[in-house]
Amino acid sequence: MPESVTHLPAPLTKIVERLQRANPARMKYELLIRYAQQVPPLPTSAKIPANQVQGCTSQVWLVTDLDAQGKVQISGDADSQLVKGLLAMLVLGLGGATPQEIIALPPDFIQLTGLDVSLTPSRNNGFISMVNFLKKRVMAYLD
């Protein structure tokens, strides 16, 4: 039985549960590619150093905005479809969450998907860098 994900925001819970059911690992990757295709490319003007996630072997950009309702809107892009799929988990799963919900995200939640065992160490570290970059961005909204 997959580990419970009820402590995650609802859209992210759905993504994690779908990844938990996808086997073998190849199916998880196919699902990530489908998620990547749902995230529109960032305009070139947003691909600036301030939006670039450090610690990724691929180039990854992540942009956040706080809307009028106090919800975080997330957009992003990557130069690798698989990495963009990992980024899409954050864009699609956490877009519309509150800053507090994003900050409370456990850093190891990727383990719930089963992806951590099949990703290369550099991709795993890159994903953690994306989560940390997102949390740092969102913490600024709480000041």
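Quick notes
- Positions within the range 55-78 being of a type outside the set (A, V, I, L, M), modelled with pLDDT of 95 or more and either more than 20 Å from Lys14 (Cβ to Cβ) or surrounded by fewer than 23 Cβ atoms within 10 Å (Cβ to Cβ) (or both), in sequence order: Gln59, Trp61, Thr64, Asp65, Asp67, Gln69, Gly70, Lys71, Gln73, Ser75, Asp77
- The condition of being touching a strand residue (DSSP E or B) at 6+ places or on another chain (Cβ under 9 Å) and closer than 23 Å to Lys14 by Cβ holds for only one of Leu86, Leu119, that being Leu86.
- Scanning the range 81-135 for residues that are at pLDDT below 95, of a type in the set (Ser, Thr, Tyr) and either within 13 Å of His7 (Cβ to Cβ) or not in a helix (DSSP H, G or I) (or both) yields Ser118, Thr120.
- The set of residues in the range 101-143 being over 14 Å from Ser58 (Cα atoms) and of a type in the set (Phe, Trp, Tyr) consists of Phe109, Phe133, Tyr141.
- Sole exception among (1) out of contact with any Lys or Arg (no Cβ under 6 Å at 6 or more places or on another chain); (2) in contact (Cβ under 8 Å) with a residue 60 or more places away in the chain for Leu87, by number: (2)
- Yes/no for Gly76 being farther than 18 Å from Arg18 by Cα, of a type outside the set (Val, Ile, Thr) and touching a Leu at 6+ places or on another chain (Cβ under 8 Å): yes
- Residue that is β-branched (Val, Ile, Thr), surrounded by fewer than 19 Cβ atoms within 10 Å (Cβ to Cβ) and touching a Pro at 6+ places or on another chain (Cβ under 9 Å), where the choices are Thr120, Thr98: Thr98
The values are calculated or read from the model by the stated rules, or taken from the named source; none is laboratory data. All values reported here derive from a predicted model rather than from experimental measurement. Neighbour counts are summed over all protein chains in view; Cβ atoms, including those assigned to glycine, are modelled from backbone coordinates with ideal geometry.
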